[in-house]
Amino acid sequence: MQQNGSSGPNGSNGSNGSSEGSGGGRERQERPERQQAPSFSPLPAATTRVRRFIQERRALPLPRVMVVFSAAEDTEKPGDAMSGSSGSTTAAEDEFRKPASSTPSFALSKTLRSAFNTPEQEFPEVISLNVGGTYFTTRLSTLRRHEDTMLAAMFSGRHYIPRDAEGRYFIDRDGTYFGDILNFLREGELPHRERVRAVHREAQYYALGPLLDSLEETQPLTGERVRQAFLDLMPYYRDNLERIVEIAKLRAMQKKARFAKLKICVYKEEMPITPYERPLFNSLRFERSDSEAKLFEHHCEVDVSFGPWEAVADVYDLLHCIVSDLSERGITAEQQCIGVCDKHLINHYYCKRPIYEFKITWW
């Protein structure tokens, strides 16, 4: 022990110092061997290694730390980005993550709510409206009087309503009959008879159910409902009207004429009969077998044929409907009876269906 201690700085310690000064590569290669074999080096050699280790750690670049902000519920998942390879975190990591994930996630969610949940629009008590260029002024409570309507939804604050240059709320609709809408909302007043149909269309657009119910109980809409119940017995009625218009237009263009004439058969009876049978039967229906019924099947030589039907309304009622519906489309029509179909069917039976001539005037 005295020999080792007396070696002094020229001994083994001196050689170690020279090897460290000459180069660090050889020292790095010899280090694993020294770690594998236990050695009892003196205290100054161990101190030198500690100093060298500290110097090497200082020379290394400092690691960069990236902090990931996530929602509070995501930090508890085992597969989180901040967790270790085994899926478990230490107490120090938990303490580090809590301040970084709680406050920013709350602020982020609050920002998203303020961005997507826009506040409801507030309206003044008196509303100025611009309906298709016509100006109106009313109270906000008047527009919201009936729920489940378009006006109540528009001015509920949940929807955006554009404004014109003067600041009036704009509704892109014809304002001719909007005054009748406001009068009903204010006092329950109904329009005059000549405006009922037009106001009814506006009430359908604004989904104003109470006004629709009231208008349908007045003329002329009540009579229209009764008339439509009769026309529903003939599902081909609308198709026949289109055929009348198309044929009359084609003939007028071919002849370069102002009007066109058509032959239309309108009959109510289910089966053809003769004048001799009418006083003998109170009913217009006859009990015949299928083979006998086929003998009476035929098509009259006319352009359009209406019938048969079972209702109290007669032929003249249907003729009135045809002329009225054509007039609604701006077409002037005149009709007159020109005879009956004299088609011979079997024995003494003839068709005898009335034929009418329609004159369609185009200008």
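The values are calculated or read from the model by the stated rules, or taken from the named source; none is laboratory data. Owing to the predicted nature of the structure, the values given are computational and were not obtained by experimental measurement. Ideal geometry is used to build each Cβ from the backbone, glycine not excepted, and the neighbour counts take in all protein chains shown. Surface areas here come from the heavy atoms of the whole protein model, side chains and all, with no ligands, DNA or RNA. Shrake-Rupley method; radii C 1.70, N 1.55, O 1.52, S 1.80 Å.
Summary of values
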{"read-out": "Hey, A248 over 30 Å from E147 (Cα atoms), at pLDDT 90 or above, part of a loop (DSSP other than H, G, I, E, B) and not β-branched (V, I, T) or not", "value": "no"}
{"read-out": "Filter result for I127 (under 22 Å from the mean Cα position of the chain (by Cα) and either of a type in the set (S, T, Y) or under 27 Å from L215 (Cβ atoms) (or both))", "value": "no"}
{"read-out": "Positions within the stretch 160-187 being surrounded by fewer than 11 Cβ atoms within 10 Å (Cβ to Cβ) and within 20 Å of the chain's Cα centre (by Cα), in sequence order", "value": "Y160, D172"}
{"read-out": "Residues located in the stretch 144-175, provided they are in a loop (DSSP other than H, G, I, E, B) and in contact with a strand residue (DSSP E or B) (Cβ under 9 Å, 6 or more places away or on another chain)", "value": "F155, I161, P162, D164, E166, G167, R168, D172, R173, D174, G175"}
{"read-out": "Any chance E270 is acidic (D, E), surrounded by 10 or more Cβ atoms within 10 Å (Cβ to Cβ) and at pLDDT 75 or above", "value": "no"}
{"read-out": "Number of the condition not met by E194 [criteria: (1) exposed (fewer than 14 other Cβ atoms within 10 Å of the Cβ); (2) closer than 18 Å to L140 by Cα]", "value": "(2)"}
{"read-out": "Selection within the stretch 208-245 - hydrophobic (A, V, I, L, M, F, W, C), outside any helix (DSSP H, G or I) and open to solvent by less than 50 Å² (accessible area, probe 1.4 Å)", "value": "L208, M234"}
{"read-out": "Subset of the stretch 153-207 (residues that are touching a residue at least 12 places away in the same chain (Cβ under 8 Å) and polar (S, T, N, Q))", "value": "S156, T176"}
{"read-out": "Condition met for F178 (over 29 Å from E328 (Cβ atoms), touching a strand residue (DSSP E or B) at 6+ places or on another chain (Cβ under 7 Å) and modelled with pLDDT of 95 or more)", "value": "no"}
